[in-house]
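The values are calculated or read from the model by the stated rules, or taken from the named source; none is laboratory data. Note that the structure is a prediction, hence the values are computed from the model and not measured. So basically every Cβ, Gly included, is an ideal-geometry build from the backbone, and we count neighbours across all protein chains shown.
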Amino acid sequence: MAIVYNIAEASHAEEEIAPEFKEILSSLPTEKGWRTPNLYLFQGFWCQPKEIQAIISVQNHYKAKDSDVIVATIPKSGTTWLKALCFAIVNREKFDYQKNHPLLTSNPHELVLFLEYKLYANNQIPDLSTLPTPRLFATHMPLGALPESVRESDSKVVYLCRNPFDTFVSIWHYLCKIRPESLGPLSLEEAFDMYCRGVIGYGPYWDHMLGYWRESIEKPHKVLFLKYEEMKEDTTLYMKKLAEFLGFPFSLEEEKYGVIEEISKLCSFEHLKELEVNKKGKGAIAHFENKNLFRKGEVGDWVNYFSPSMVERLTNIMEEKLAGSGLSFKLF
């Protein structure tokens, strides 16, 4: 169903920050941005001006229902894939996988909307009352930034993260494609230094990961913590875990007739990348081209970019930050 806003969508003019938020920005620590002139340290994490405005709006206005599902990720850690999987799993009785499935004609980001990039962006307040249950939403916000209603309700959070080495390479490639020419190029070395210092949208990434990781340990009924590498290695196993967590478990009959495999194929990186909507479409996220959301999706691609000193620096950081947490990653 269509979502109705009490403030109409407009073009680029409305992307300007509202005056009341400019005062907030003036009080925050700043660093050079990846895609904008500045990043701001807001509520313990770094973000762009428009994101701060939208996040405040989400925190003030979004009221989670017990049946809501929040897809949470670090940017470029498998977000598109996880959105597709969640949508396909909870809606699997409604559509034919080969004929009329929405994923064949719509980018996953259009089917599972970001709270801060779509629904509450540009100072708009959406009417979510018409959405079918369960309502699927997405966010890049850290756990601590989620509205109280998410933490206090029985809504569920599915969190996917990727090893920090591949995540860096993916985010650098993506932001180089959408970075305004007026800011000049961002070298791999400069970007890596910023990444290691935690100065990146929604970073530091290790804080982001640990927040959801610890919550998943304390409240496994509330937060499902998934790793990109493990899901790539055994997609069927983790799809079954995901479906169970979402409250839509696969039946023995569905397993027998290959439903899991059908959904896995439909949502695979290779299949989504070749769909026309993801080759030429635009606007699934802001006004950026959909094709930029699909590069390689490989595990271990970082070896083609990291020098020995980069490996040592990031390894030392992750060992320090994740020490004692029980959280670790496969790099290949």
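So the values come out like this:
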{"read-out": "Filter result for Leu188 (more than 27 Å from Leu331 (Cβ to Cβ), in contact (Cβ under 8 Å) with a residue 12 or more places away in the chain and among the hydrophobic types (A, V, I, L, M, F, W, C))", "value": "no"}
{"read-out": "Answer from Tyr202, Tyr159 - the residue that is at positive phi, out of contact with any Leu (no Cβ under 6 Å at 6 or more places or on another chain) and surrounded by 20 or more Cβ atoms within 10 Å (Cβ to Cβ)", "value": "Tyr202"}
{"read-out": "The stretch 44-60, residues that are in contact (Cβ under 8 Å) with a residue 60 or more places away in the chain and either surrounded by 15 or more Cβ atoms within 10 Å (Cβ to Cβ) or β-branched (Val, Ile, Thr) (or both)", "value": "Phe45, Trp46, Cys47, Gln48, Lys50, Glu51, Gln53, Ala54, Ile55, Ser57, Val58, Gln59"}
{"read-out": "Residues satisfying the stated conditions in the stretch 302-332, i.e. of a type in the set (D, E, K, R) and at pLDDT 95 or above", "value": "Glu312, Arg313, Glu319, Glu320, Lys321"}
{"read-out": "Verdict on Glu23 being charged (D, E, K, R) and modelled with pLDDT under 95", "value": "yes"}
{"read-out": "Helices (runs of 4 or more DSSP H) completely within the stretch 32-151 that count 1 or more residues being closer than 30 Å to Glu254 by Cα", "value": "79-90, 108-111"}
{"read-out": "Candidates Tyr202, Tyr195 - the one that is assigned to a helix (DSSP H, G or I) and touching a helix residue (DSSP H, G or I) at 6+ places or on another chain (Cβ under 8 Å)", "value": "Tyr195"}
{"read-out": "Qualifying residue in the stretch 192-199 (condition: touching a residue at least 24 places away in the same chain (Cβ under 8 Å), of a type in the set (A, V, I, L, M, F, W, C) and under 21 Å from Gln43 (Cβ atoms))", "value": "yes"}
{"read-out": "Yes/no for Leu224 being in contact (Cβ under 8 Å) with a residue 24 or more places away in the chain and not in a helix (DSSP H, G or I)", "value": "yes"}
{"read-out": "Exclusive hit being in contact (Cβ under 8 Å) with a residue 24 or more places away in the chain, buried (at least 22 other Cβ atoms within 10 Å of the Cβ) and not small (Gly, Ala, Ser), set Asn123, Asn107", "value": "Asn107"}
{"read-out": "Filtered residue count, the stretch 312-332, keeping only those that are assigned to a helix (DSSP H, G or I) and free of Cβ contacts under 8 Å to residues at least 12 places away in the same chain", "value": "5"}
{"read-out": "The stretch 86-104, residues that are touching a Phe, Trp or Tyr at 6+ places or on another chain (Cβ under 9 Å) and touching a residue at least 24 places away in the same chain (Cβ under 8 Å)", "value": "Ala88, Ile89, Val90, Arg92, His101, Leu103, Leu104"}
{"read-out": "Gln43 being modelled with pLDDT under 95, under 22 Å from the mean Cα position of the chain (by Cα) and farther than 27 Å from Val299 by Cβ", "value": "no"}
{"read-out": "Cβ-Cβ under 8 Å pairs, at least 6 apart or on other chains, the stretch 31-43 side crowded, with 19+ Cβ neighbours inside 10 Å, far side assigned to a strand (DSSP E or B) and of a type in the set (Lys, Arg)", "value": "Leu39/Lys32"}
{"read-out": "Checking Tyr97 against (1) crowded, with 17+ Cβ neighbours inside 10 Å; (2) closer than 14 Å to Ser264 by Cα, the condition it does not meet", "value": "(1)"}
{"read-out": "Wholly enclosed helices (runs of 4 or more DSSP H) of the stretch 234-290 bearing at least 2 residues touching a residue at least 24 places away in the same chain (Cβ under 8 Å)", "value": "235-246, 259-267, 269-274, 276-280"}
